[in-house]
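The values are calculated or read from the model by the stated rules, or taken from the named source; none is laboratory data. All of these numbers come straight from a predicted model, not from anything done at the bench. Here the Cβ positions follow ideal geometry from the backbone for every residue, glycine too, while neighbour counts run over all protein chains shown.
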C-alpha cells in the first residue's frame, strides 16, 4: 500500500538516486545530515489530523517554509489515537499523512516522520511497545519506495516508564521491523530521558546498522526556555528570566560540544531535533539564545529542526500570516524577505 505516492512517482516527483537506483533509500547518514541542514517541526497540534477542513496549515505553507530558507520538516505524528482496536491506522489519517509527504517532497524538503506519542509511552510502556511496532510495520511498508529524503524517527523523547533499558530494547525491535522493508533508509534515534545529551552514553544502538542518525534535544536552561509554560511545574510561574551571559554561552557550547565528541567517537551524525524558547519569555534573549543554538549546531556540522512552526515557540504567526521576524532571522540570518 503506497497510497498516492505511486502516482507521484509516475509524475517524476520522487527523484531517483543515481547510485542506488529508483526508490532505493540509500544515502550515507552523514551526507543526509548535510542535506537536511536547517529545518522546523510542523503540524503536531494542527486540527487537520482530526478534520482536514479545519487545518491551520495549508499546502502553501510548504512552499513558504522552503522559500523561508529551510530544507527540512520534522512532522510530529501522534498516531496512536488514530488506530483501531487491532492497531490498524485510520485510512483518513493515512491520507492526510500522504498529503504531507507529497507536498514536502514536491517543495524540495526532506521530511522526517516522527512518531511523537512520548506522553503515552512514558505512562504505558508495554502498550506503547505494541502500538509502536504496529505503527512502524504499517508506515514502513507504505513508504518503502519513497526516496531517501523521507526519514523515519522511531519515537520522540522516550521518558518515564520508557526508561533506558526498555528504550534500548524497543528501539532495536522497531528498527528490525523497519529494516524488513527499508533495509538502508536512514532512521533517526535518540537517547532516553527526553533525548537528553546527558544520556547519549546510555544509548545502545546496533553496531552493524550504519544507517542511523542520532538525535538530541536542547532546551537548557529550562528556567529560561520554558518560563511561563503551563505544562511545566518547575517553570510555569517564572517570568522575565533572561539569557546571554558569557557563562551561559560557554555552557551551551560545552553541552553541544560534548555531544559532538560522542558523535565522533561512535561515528554517528547528529540531528538537533528540537530547541527553542517559549513565547512567554522576553524576546531579545530568546532571539539571542535561538541564534546561539543554531549557529553552534551548524559549526559542529549538525542538522537542526526548530521547535516549532506554529502553535507555540512559533516562527510563523498564523494570525498575522507571516514570519515571526526576530525568530526567523535568528534561525535563518540570510533569509530573503518576500
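Does residue 227 satisfy being part of a loop (DSSP other than H, G, I, E, B), modelled with pLDDT of 95 or more and out of contact with any helix residue (DSSP H, G or I) (no Cβ under 9 Å at 6 or more places or on another chain)?
Details: part of a loop (DSSP other than H, G, I, E, B): yes; modelled with pLDDT of 95 or more: yes; out of contact with any helix residue (DSSP H, G or I) (no Cβ under 9 Å at 6 or more places or on another chain): yes.
Yes.
Of the conditions (1) more than 20 Å from residue 198 (Cα to Cα); (2) in contact (Cβ under 8 Å) with a residue 60 or more places away in the chain, residue 319 clears all except one; give me its number.
Unmet condition: (2).
For every residue, the table says whether it meets (1) in contact (Cβ under 8 Å) with a residue 60 or more places away in the chain; (2) in contact with a helix residue (DSSP H, G or I) (Cβ under 8 Å, 6 or more places away or on another chain); (3) surrounded by fewer than 23 Cβ atoms within 10 Å (Cβ to Cβ); (4) more than 19 Å from residue 259 (Cβ to Cβ).
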{"position": "145", "(1), (2), (3), (4)": "yes, yes, yes, yes"}
{"position": "149", "(1), (2), (3), (4)": "yes, yes, no, yes"}
{"position": "159", "(1), (2), (3), (4)": "no, yes, yes, no"}
{"position": "163", "(1), (2), (3), (4)": "no, yes, yes, yes"}
{"position": "167", "(1), (2), (3), (4)": "no, yes, no, no"}
{"position": "173", "(1), (2), (3), (4)": "no, yes, yes, yes"}
{"position": "176", "(1), (2), (3), (4)": "no, no, yes, yes"}
{"position": "183", "(1), (2), (3), (4)": "no, no, yes, yes"}
{"position": "189", "(1), (2), (3), (4)": "no, yes, no, no"}
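Need a quick list: helices (runs of 4 or more DSSP H) entirely within region 104-191 having at least 3 residues that are at pLDDT 95 or above and touching a strand residue (DSSP E or B) at 6+ places or on another chain (Cβ under 9 Å).
Numbers: elements: 118-123, 125-142, 164-179.
Output list reads 125-142, 164-179.
Being loosely packed, with under 10 Cβ neighbours inside 10 Å and under 16 Å from residue 219 (Cα atoms) is the filter here, so list the residues in region 233-246 that pass it.
233
Mind checking which helices (runs of 4 or more DSSP H) fall wholly inside region 1-76 and carry at least 3 residues that are modelled with pLDDT under 95? First the steps, then the outcome.
Values: elements: 5-11, 29-36, 59-67.
The qualifying helices (runs of 4 or more DSSP H) are 5-11.
Considering only residues that are in contact with a helix residue (DSSP H, G or I) (Cβ under 9 Å, 6 or more places away or on another chain) and crowded, with 21+ Cβ neighbours inside 10 Å, which ones fall in region 29-44?
Passing the criteria: 39, 40, 42, 43.
Please find, within region 78-96, the residue that is surrounded by the most Cβ atoms within 10 Å (Cβ to Cβ) out of those that are in contact (Cβ under 8 Å) with a residue 40 or more places away in the chain and under 30 Å from residue 166 (Cα atoms).
79
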